[in-house]
Structure formats: structure tokens, C-alpha cells
1. So for region A:3-46, Kirkwood radius off the Cα pairs, Stokes-Einstein at 20 °C and 1.002 mPa s: how many µm² s⁻¹?
2. Compute the angle between helix A:155-169 and the longest alpha-carbon principal axis of chain A, please, reported from 0 to 90 degrees and rounded to the nearest 10.
3. Sequence neighbours fewer than 8 away in the same chain don't count; with that in mind, list the lysines whose C-alpha is under 27 Å from A:LYS301.
4. Helix A:214-225 versus the longest principal axis of chain A: what angle, 0 to 90°, nearest 10, using Cα atoms?
5. What ranking of A:ILE261, A:ILE318 emerges when the number of other C-beta atoms within 10 Å of each C-beta is taken as an exposure proxy, fewest first?
6. On a 0 to 90° scale, report how tilted helix B:184-200 is relative to the longest principal axis of chain B, with both axes built from alpha carbons and the result rounded to the nearest 10.
7. How much of the DSSP beta bridge set in the protein assembly as shown is antiparallel, as a percent to the nearest 5?
8. Between A:VAL319 and A:GLU256, 0.36 nm times their residue separation minus their Cα-Cα distance comes to what?
2 protein chains.
Amino acid sequence: MTIHHVAQRARVSASTVSRAFTTPEMVRRDTRERVLRVADEVGYRPNRAARGLITGKTANIGLIVPDLGNPLFPAVLKGAQARAQQADHAVFLADTDENADLEVNLIKAMAKQVDGIVLCSSRMSDKQRRAVESLTPLTFVYRKVADVPIVLVDNADGMRQAVEHLAALGHRRAAYLAGPQASWSNRERRRGLRSASRATGVDVIELGPFAPRFEAGLQAADLVLATDVTAVLAYNDLIALGVLNRLADRGVAVPEQMSVIGFDGIDFAAMCTPPLTTVLIPKEAAGRAAVELLLDWLDQKSLGHTAGAQRTLGTQLIVRSSTAAPPRVSAGSNGRAARGARQLKGD
Amino acid sequence: MTIHHVAQRARVSASTVSRAFTTPEMVRRDTRERVLRVADEVGYRPNRAARGLITGKTANIGLIVPDLGNPLFPAVLKGAQARAQQADHAVFLADTDENADLEVNLIKAMAKQVDGIVLCSSRMSDKQRRAVESLTPLTFVYRKVADVPIVLVDNADGMRQAVEHLAALGHRRAAYLAGPQASWSNRERRRGLRSASRATGVDVIELGPFAPRFEAGLQAADLVLATDVTAVLAYNDLIALGVLNRLADRGVAVPEQMSVIGFDGIDFAAMCTPPLTTVLIPKEAAGRAAVELLLDWLDQKSLGHTAGAQRTLGTQLIVRSSTAAPPRVSAGSNGRAARGARQLKGD
DNA sequence: TCCCAGACTGCAACCCTTTGCAGGAAGTTG
DNA sequence: CAACTTCCTGCAAAGGGTTGCAGTCTGGGA
């Protein structure tokens, strides 16, 4: 079913059919109605590829995430996809498996078929980013980049809330299980941690970096137990969940002997035992916002406007049962920091 | 960067550039190398939309899932996307929010931009399916449909394993928490349950239907406690996780007082407390298989072959700590089935 | 030396829409 | 009644590729 079939059956030219869809006010009422009726009857829909060829807009947007196995990203994806659909755009999805080179390749491959790409927790270096930024409009989520639209989360404030919570409970010594070094979120969480640590007097040692996965949490838990901390701040919920599991296996009671705090607020943080205290970050909202910013940018771009819109969303500590006052005598303490741990100082 | 720029710089015609990419054996070695070198230098990549316009193939495939919030689907998606990428195809993703009408609309909207669509746990009625099947090649995952490629899972056998496990532990009476009525998986799981029930003598009452979500599990747990069963078989892990949570809240020990079995084998089933006994179904493998079947079909189609390939993947009961022998005297029993429960008989 | 096959390459049409431009009809104004 | 507007519609080009067909060039056989 092409535009010509419809044109023929409605006894008009293809141009008129086209206009009936794209600029309805340009065609006389009865003509338009006849065309649309015929189009509906035969199930005609404009071919977007052909349209895109001439208009330069594909009505597609790309979305690239590091790992669909981390529920954080499906959540962002869900928001983004819903918002895109609302604007009558379709979304291309790709998963990089936390691999920055693959990310670059995916951008190159997608660039021509989309109007822009939303990059979620991009792991690209600045150099890599510059190599692709001219290919298609890029929007970043959970990563700060100059001169393009970005959707951020106030990670530092989230960490402040978490550390203040621990301090209020009486903790004096905590461990941070670091995330990927290429992650902006990790850098920001460390930064927030450092300043909250100074402000509250809670000492924080850093372990890792760890892959942002459950398995890494299992591994991390043992390292934590070799130190004398009474609380653990994990880079994300997946790691925290791993810690919870391994601590249970080792017979360490949470929260009585050890407090654990996650980050992200994935659904499962509420479903485990004990329910995990975590810092909730916006996920679907971030996805929606990113698509919105991208679409706005594209609109304005045609008007010659510049980019650089930034939206920062708040975080909220969700206190559940994985945190409590520290034990009188710290359990499992061996009196000194384990090998591999180090004071959290400057980068 | 169009094919003409490259042609000009390589001092050949556009046709030759095109052939250098699509039918390299048709162009002389040194010409081809020159063309490809130039193309690489200027960063040229064929515009797939333009190519698709004339070849009729888009090198895109669609994937539609009911709910990205259920980790089952991101897992399938991950497999599908990886396999598609391997075949140099991109994937369009959409989420229906468990809504069959939206599913139909999404198929219509996608049809023109893809070579085929993979439908995951489709909720469409037969009538709806027939209304869209001519739009574009459809492949189904987790749903049986005649004459098109499908990837199935042996749900009935999974249920057999689960029920035999319960029977072996000594359970005589269990509840099934049913899933969505439009779900093929739910029908198959019920069927397997019925026959396993007969074979083992374990009585099974059915509750529900429930939405395949955590919250529904919370709700279901109370209904279960109002019956005299000693074990619960949930439609899926999300519901089982909800049951686990609510039982813990109500002070019912799992597995001592109540055994709980999930279905799907999502990652989180292993991370909760107690770790959930569940029936593992292939997820990434199913996604990969679906894409493979679809691509094969498309290849053969051009050769005039027919469709209908079917791949059935096995299931595996993963025994963890949420199942054990029933208590001597069934806890919370009130001697009769709750209102709303009914014997599991025919449909 | 001539003819022919085989290997390459270029021309031009085509895929499906959109859109600038121009033409025709109807209505308005002087 | 002539001269403009205004409104609507069609023609044709364009957008970036692919591909059937025909032409050029080369090498080999007679």
C-alpha cells in the first residue's frame, strides 16, 4: 500500500494524499476526509523511511544502556519508550555490556537511522565522546557532559542523606564499595561521600572498584568483614544485595552486626530480606526527561537555538530494615583495615 | 556523507561504490580497496533507510514485550538484541503494559519499519492476531501459534518437576496462584499442574487470576493462608516474591510452615531470603532463538519456503530453600478452602 | 590480425514521500 | 467587467541507495 494506491482510489494526486496527512489545513475539507477515509480503508500508513529520506527526520530515537541485567536500565528504558511513543517516535535499543568501544560502534551504526540517541550511564571517555558527537544529537542520562542536554541525579546529596543516616544511628566507620571507574555516578557518589564524611565525622574507607553486579557484592562482603567497619555503602543495589546475601551466609546479622545501604532504589531492594535501605533515584522519570529534552532540542535546533538543557532530579533515602545502630563492640573486627582498603581521600 | 561523495573522491560512479559494499566480488580488487578506503576516511556508511526503500529489507526487527518491569523480559530482550546485532540488525523495542490493544497498535506502527517482529508473551486474542499477521512476519516467544516460527518452553514439564518435588517432600495439598488469563504460559502451567496433580495425588486449588506482579503476591499470600494448603505454586517469581514477603510479615515461616515455588527463574529469585525454589526457563536463549528463527524464515521466504519452525526449550527446577517438608499439623489451617478458591479442574 | 568471452563499470530507472512552484477556479474589489 | 486574491491541487524534482542493462576494456584463441 503506497501513497499512489490511495491517491488513485481517492481520485487525487499523491501530493494531496501526502498533504492530507502532513498539512491537513492545506487541503479542502471534503477532499481531506475522502482521502483519509480511503487511507483507513486500505490500511495505508506513510512509509517513515521514505518520509525520513526527504525530511531528514526519522521519528526514531536510539537508547543505549550498559546492561539490561541491571533493573535500573529497563526502568529508564520503560520511561523513555513511553515518552517517545507519546510523541509518535519509536525507539531503537542496544546494550553495550559495559563496553565503551562497543558503545562507540553502536552509536555509529545507529546514527543514520535516528534523530538522536539517549545514552544511559555512558562509559565512553571524553575522547571517544568527541569522536561521535558530530554523528547525531546525543543526550546523556546519569552523566555530566557540557553543551548537550543531560539528565542528572543529585548523587552527592543522596550520599549525604545516607551518611547522615548512618551518623545519626551512631556509626563511626563505614566502607564504600566503589563502582566502575568510568562511571560518572560513581565519581559523584564518592564526592558526596567525601564531603559527608568530613561533615559528619564518619570515617569511610573505599574498597573496589567492583562491577555493578550481584556477584561482586558477594565478593565485596568478605572484604568488608576483614575491616572494622560497622556499615557498608554500596555503589548500587545489586552490589548491596550481594553483600546482604554473603553476610547472611557468613552468619553476620543485618542490621544488628552490620548496616547495609544500597543506591538506585530498584524494586527488588524492597523485596529482599531484610528490606534494603537505599537511595532512590528517578528512573522512569529520567528516561522520560531525556527523551523530552532530546525532542525539544531537535525542535529548537531547526530554529537555530543552542543546546545544553540540563535537568537534575532529586534523590531520596528510603530507610528500611538493613540499617540500625552499630553493635557495642564491632563484630568481626580485627583491629585494622584490610589490605586493599584505603582511606577515601581525593581522586 | 552520501554515496556520491565517496564516488567522487574515489573517481568511480555511485554504482561502483554501492557494489563495493553489497557485492564486492563484482568490483575489481584495487577499485574496491580504493573505494572502501575512501569510504572509511570520510566515515561513510550506507543509509539503511534509503537502502531499505529499494531492497525492501530494513535490517531492523521489532520486539514487543508486556512489561519491562518484569525482569524476565529484559533478559529475553538482551538475548534477542545480542543475536540481532550479530546479524547486523537493529532492534526496535516497545512495551505494551500488558495491554493487547496497544500491542496491536504497536505492531501496526512498527510493521513498515522492520523485517519482522518478535512477540514476547503476546496477550493478543486469535482474532487480533489474525488482524495483524499479514502486516509483517511475526514470531512468537512463550506462546503457541500455528504456521509461524515460535519459541516455546516446556511449561507443563516444569510444573511436573515442581509438583513431584512437593509430593516427594510429603505435601498433599497446594495452591496455584494463577497468572493472566490471556497468557499461554498460564494455561500451559495449569495444564501441567492438573496432570501432575493427578499423577502424584497432590490436591491443587487455584486462586486468582493475579497480575504477574510483586504486589499481587502480597495479596495472594493472605488468600493462601485462609486455605489449608502447605505449599504454594506461583504463576511466576514476581508473585512468589510477593508471597514470600507477605508471609514473613504475617510471621509464617518459609519453608517450615509453608513451601513456596516460583516460575521463570529470574535472577532475584536467588537473591531473596529464603532463596526461592523456582522453575528456570530459558530467557536469553529464547530471545536469541526467536531472532534466529525469524531471520531464517525471512531468508527462506525469499526462496519460497514456508514457515512454522518451532523450537521448544527445556525447563529445570532449581531447588532452593523455600521448599521443605510440610509441618506435622498444617499451620494457619481453618479446615476448609477459602472463598474464591476452587479445585483445579478443566478450563 | 580479428573476433569473442569475460570482467568491470556506468547510466538511468526505481523505491516512497515531501515540497517548491505554478496553474486553475472561485470570490472580491474597484 | 477586469484585475487581484485566496484557496486548492497537480507536476516534477529531490532524497540516498540498488540494480538491470549496455558499453568498455582486456586477454586469449583462431
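Read the figures in this text as sums done on the coordinates, not as results from a lab. These numbers come from a predicted model, not from an experiment. Heads up, the Cβs are rebuilt from the backbone with ideal geometry, glycines too, and the neighbour counts pull from every protein chain shown.
1. Details: Rh = 9.8 Å.
This corresponds to a translational diffusion coefficient of 219 µm²/s.
2. With rounding to tens, the tilt is 30 degrees.
3. Straight-distance partners of A:LYS301: A:LYS57, A:LYS78, A:LYS108, A:LYS112, A:LYS127, A:LYS144, A:LYS283.
4. 20
5. A:ILE318, A:ILE261
6. 40
7. On the way: 13 of 85 bridges.
Looking only at bridges with both residues in the protein assembly as shown, the antiparallel portion is about 15 percent.
8. Numbers: separation 63, 0.36 × 63 = 22.68 nm, distance 1.51 nm.
Extra length available between A:VAL319 and A:GLU256 comes to 21.2 nm.
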